[in-house]
Amino acid sequence: MESFALSFASMVLALAVVIAIAWVLLRLLRDRMQPRAASGITGDQTLRFVRALHVGAKERVVIVEHRGARWMLGVTAGGISTIAHWPADTHQGETVSGPDATDTERP
């Protein structure tokens, strides 16, 4: 009976160690995948979603903003391609309208 209790306790301890290591790794990955302002990344360095338009079952046209510049991307199951690029100073004061608009006016 002692050997069973010892085996069970060692198995529970090993399982607890594996779960603890997995938890620590998941926390590190989550922190690495979601940059925060405290880590030195400013708002201009992040990629911001502006709008998406579905053009097929698995295809869409997406507008994203990075460092003030806007990019129009074609997204398919096979990859991502650049359709258009607007530098940072060309879209000041423009509005995005429509039923799917997430960004109503540029500052």
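The values are calculated or read from the model by the stated rules, or taken from the named source; none is laboratory data. Here the structure is a predicted model, which means the values were calculated and not measured.
Couple of notes before you dig in:
- Hits in segment 59-107 (condition: of a type outside the set (A, V, I, L, M) and at pLDDT below 50): Thr95, Ser97, Gly98, Pro99, Asp100, Thr102, Asp103, Thr104, Glu105, Arg106, Pro107
- Subset of segment 6-58 (residues that are among the small types (Gly, Ala, Ser) and modelled with pLDDT under 90): Ala37, Ala38, Ser39, Gly40, Gly43
- Whichever residue in segment 58-85 is among the basic types (Lys, Arg) and in a loop (DSSP other than H, G, I, E, B) and, among such residues, is nearest to Arg48 (Cα to Cα): Arg67
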